[in-house]
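Heads up, the thing below is written out as structure tokens.
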Amino acid sequence: MLAQVLLVANLPAIFCVGCATFLAYKERPQWVWFAGLSVLAGFGAIAVLQMVQLWRLAGH
């Protein structure tokens, strides 16, 4: 269960890192935007995980 929660919370960051890698491989300047979005998505994933933890504590 924990592995699924971590995976789902980090899917946007994983997607953005994949896009940034592909664009950097193709030598396009847009990869910087996707790298920045992956960092923001990572912070969003941390926030989601904290909300899940708070939800678990409130439920028990």
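The values are calculated or read from the model by the stated rules, or taken from the named source; none is laboratory data. Just so it is clear, the model here is predicted, and its values are computed rather than measured. So basically every Cβ, Gly included, is an ideal-geometry build from the backbone, and we count neighbours across all protein chains shown. Heads up: the accessible areas ignore ligands, DNA and RNA and are worked out on the full protein's heavy atoms, side chains in. Shrake-Rupley method; radii C 1.70, N 1.55, O 1.52, S 1.80 Å.
Looking only at segment 10-46, filter to residues that are part of a helix (DSSP H, G or I) and of a type in the set (S, T, N, Q); which one of those is surrounded by the fewest Cβ atoms within 10 Å (Cβ to Cβ)? Top of the filtered list is Thr21.
Of all the residues that make up segment 47-57, how many are among the aliphatic types (A, V, I, L, M) and open to solvent by 90 Å² or more (accessible area, probe 1.4 Å)? Residues flagged as among the aliphatic types (A, V, I, L, M) and open to solvent by 90 Å² or more (accessible area, probe 1.4 Å) within segment 47-57 amount to 3. Among the numbered conditions (1) modelled with pLDDT under 80; (2) touching a helix residue (DSSP H, G or I) at 6+ places or on another chain (Cβ under 9 Å), the only one that Gln53 does not meet is (2).
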